[in-house]
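Everything on this sheet refers to the single structure shown next.
Nothing in this text is a laboratory measurement; each read-out follows from the coordinates by a stated rule. All figures in this text were calculated on a predicted structure; none of them were measured in a lab. Methodologically, a virtual Cβ is constructed for each residue, glycine included, from the backbone with ideal geometry; neighbour enumeration extends over all protein chains shown.
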């Protein structure tokens, strides 16, 4: 799902402050793992995503529910506090953008390039490694931080965004191109 650009300022501010804290606490890797787990939970659980994004839920109800989810999945420490702070400040709607911004900061800190990869369904570990290798070779061998998004709407194939370059081999795009060509042929 595409993010509303009005959230990017909030996401960037939160991610920058949180990255500095994680760096100062020497907890970047632990925080990244916990945030990745939480992001995966959001992707795989529509009810949790609705809880995080919907303005219908009050801050306290959202905080209580998130505390339970984080505890069940062993997400603690700084990541837990960050997620709950965003919820308390009524900013949980931007959590996925905050996590993406945090990942970008981590990649920059490590000297990696960030590749956004969108697929229709979660790939196997072997396919994921093949995608990462292909992107790595396209960047001249730089280390790559692959940020995977699952979007069934693309039907098949994948969309890779690397900096300002975007390669769209999705079946949805190919079908749209065929549909457009057929309309033009009439």
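Each principal axis of the Cα atoms in the chain has its own extent, and those three values, largest first, are 57, 41, 30 angstrom. As a calculated quantity, the FRET efficiency between residue 142 and residue 166 at R0 = 25 Å, using C-beta atoms, amounts to about 0.90. Calculated mean residue ellipticity, 222 nm, the chain: -19500 deg cm²/dmol, from DSSP H runs (n ≥ 4) at -39500 (n - 2.57) each, averaged per residue and rounded to 500.
Across the range 83-186, Cα-Cα distances exceeding 20 Å account for 52% of all pairs.
Computed with the Debye formula from one identical point scatterer per Cα of the range 80-120, without solvent, the log10 of I(q)/I(0) at q = 0.13, 0.21, 0.23, 0.27 Å⁻¹ comes to -0.37, -0.74, -0.80, -0.88. Over the range 98-138, with a single point scatterer placed on each C-alpha, what log10 of the ratio I(q)/I(0) does the Debye formula yield at q = 0.16, 0.32 1/Å? For the requested q values the scattering log ratios are -0.50, -1.05. Diffusion coefficient (Stokes-Einstein, Kirkwood radius over C-alpha pairs, 25 °C, 0.890 mPa s) for the range 5-105: 184 µm²/s, rounded to a whole number. Over all distinct Cα-Cα pairs of the range 68-137, the Kirkwood formula returns a hydrodynamic radius of 14.6 Å. What is the diffusion coefficient of the range 111-166 in µm²/s, taking the Kirkwood radius over Cα pairs and the Stokes-Einstein relation at 4 °C with a viscosity of 1.567 mPa s? For the chosen part, D equals 113 µm²/s. Computed from Cα positions, the angle between helix 125-138 and the longest principal axis of the chain comes to roughly 70 degrees.
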